[in-house]
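Below you'll find the structure, written out as structure tokens, and then a few comments.
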Amino acid sequence: MNLKKTGVFLYTMLSTLKVSLVGQLWLNEFLVILATPFTYKPSDLDEYPYLKKMLAALLLLLMFQVVTDLLIVHSTPQNYLRGWAGTIIAMLSFIFLFKTLNEPSTILFFIFMTMIKNIIYTDDIVDSDMSYFKFKIAPILTNAMYLLVYYLYQRGEQKLVLSSLVGFSLLCFAMDSRSTGLIFFISAAIIYFLNSKVSISRQKIILFSVIAAILFQICYFFYVRAVLDGEIGGDHSREQLERLDNPYNPLGLLITGRAETFAAGAAIADKPIFGHGSWAPDKTLKYYMILLMYHDEEMNLQSAREIDHLVPSHSVLMGAWVNWGIGGFLAICYLFWLLMKIGFNLIRNGQELALYPVLVLMTIGLMWTFLFSPFQALRLYIPGIAAILLTSYYELKEMTVPEWALYNN
């Protein structure tokens, strides 16, 4: 095992252990702090301009964090140190993982070790049969699918790649892991169209969109019927659908499933310029009550006050605005735009890469993460995916010199 694979092994396995220091830090984050000076070279910023831009976005975020926490809302040291530490760790992780995951074999080993880590470690959120699949089994199978579709794609078995993606997507829908199922289904459609060399026109896009919308509504109708009849899904999905006036409206399901978004919107409206600060507490329970309203639940005020509630967002993008205002939001939007630009370049031009289906899945998954995952994903999950996309982008750039690669980025 070479040095980089040893680093990957330690990074993944130490991510299951944490210590109390400036909040909760994982042991692999200590590894990142210790290893970054040995992996980073000042010339990297000139050699890899996209890495420089990503770090600039995070530095900009850190600046707005400092301004909001110290000068505007006067956050407690415990809260602002936790907030700042998360951004600094994200920056160091970007550097460490990009310089470590710089070849396909190391990327594949990282995916394999992530799968092993998920087998060994079970998150505290797993507390029921359906959450066991969603938060335990689905992450294991997702990484296994990455390895499987890589193997099939490099052998030219595109039909098996597509059938594997669609089959796993249907399994996830049936087992109450809708977001994972949607990511795999959309990725399968993208891989099919971009590998079939279909000529794309405005008329075809409109026609396909109409047909896709009709098919989606038909499939969604049968999905709802099956969940309500107890044939697929679980208690969580059934409870969500039963509290809707019209369960056959997919927008209603999105609203009740992502109620934190509306609570975050109210928090942004209250403090749109500078935000509420790092780890902002919901002292009056105003935003918690909004959350319960969309969940159609009543609040026990006494028991609610026994637990500290943070201002909710459940979105990396909106969480930045909630906590650090419009400046924090723009900084994260810039990072998001950079990663999407890289990802969609790979989707459009990277069919010759053996990792192509994995890169499509990661790009679509990254989009979902920024929109609907807690802000802590910025330090825990995004750096690894970003490093893989960035490594693959520069690999593709070395392989070919199309028009898009002539720009200095």
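Throughout, read-outs are computed from the coordinates displayed, never taken from laboratory work. Quantities reported herein were computed from a predicted structural model and do not represent experimental measurements. We place every Cβ from the backbone using ideal geometry, glycine too, and count neighbours over all the protein chains shown.
Scoring 360-368, 161-169 by mean Cβ neighbours within 10 Å over their residues and listing the highest first yields 360-368, 161-169. Applying the Karplus relation 6.51 cos²θ - 1.76 cosθ + 1.60 with θ = phi - 60° to the range 381-393 yields 3J(HN,Hα) values of 10, 5, x, x, 5, 4, 5, 5, 5, 5, 4, 5, 4 Hz, where x marks Gly and Pro. Pairwise inverse Cα distances across the chain, averaged and inverted, put the Kirkwood hydrodynamic radius at 22.8 Å. Taking the Cα centre of the range 129-236 as origin and assigning +1 to Lys and Arg Cβ atoms and -1 to Asp and Glu Cβ atoms, the resulting dipole is close to 560 debye.
Please compare each pair in K5/K341; K136/K286; K286/K341; K18/K341; K52/K134 to a cut-off of 30 Å on the Cα-Cα distance and tell me which ones are over it. Table pairs above 30 Å Cα-Cα are K136/K286; K286/K341; K18/K341; K52/K134. Take each peptide in 307-314, 12-19, 241-248, 374-381, count the other Cβ atoms within 10 Å of every residue, and average; sorted highest first, the result is 374-381, 307-314, 12-19, 241-248.
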